Amino acid sequence: MDRITTNTKNKFSDLLSKNDISQRTLSRLAGISPALLTMMLKGQRTFQFRHRDNIAMIFGVEEESINWHE
């Protein structure tokens, strides 16, 4: 799967909508718990590199193009 490169930051919620995927499904695909994903999105926990890389790969975008904290 080719990754999309862009200069603008993608909002996390927009990526979920564009890919028709729920936060719960994304957490399962990324190998993290739904609670941990929620805490990371709220800024209560830090996204580790492996989480960012896995999620970017699932969305098909570059890791740098995602706004990790909305």
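What follows is calculated from the coordinates using simple rules that are stated; it is not laboratory data. The shown structure was predicted, so the numbers you read here are calculated from the model rather than taken from an experiment.
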- When the Karplus curve 6.51 cos²θ - 1.76 cosθ + 1.60 is applied with θ = phi - 60°, which whole-Hz ³J(HN,Hα) does each residue of the stretch 54-69 get, with x for Gly and Pro? 4, 5, 4, 5, 4, 7, x, 10, 6, 4, 5, 8, 9, 7, 6, 10
- Convex hull around the C-alpha positions of the chain: the volume in Å³ per residue is 79 Å³
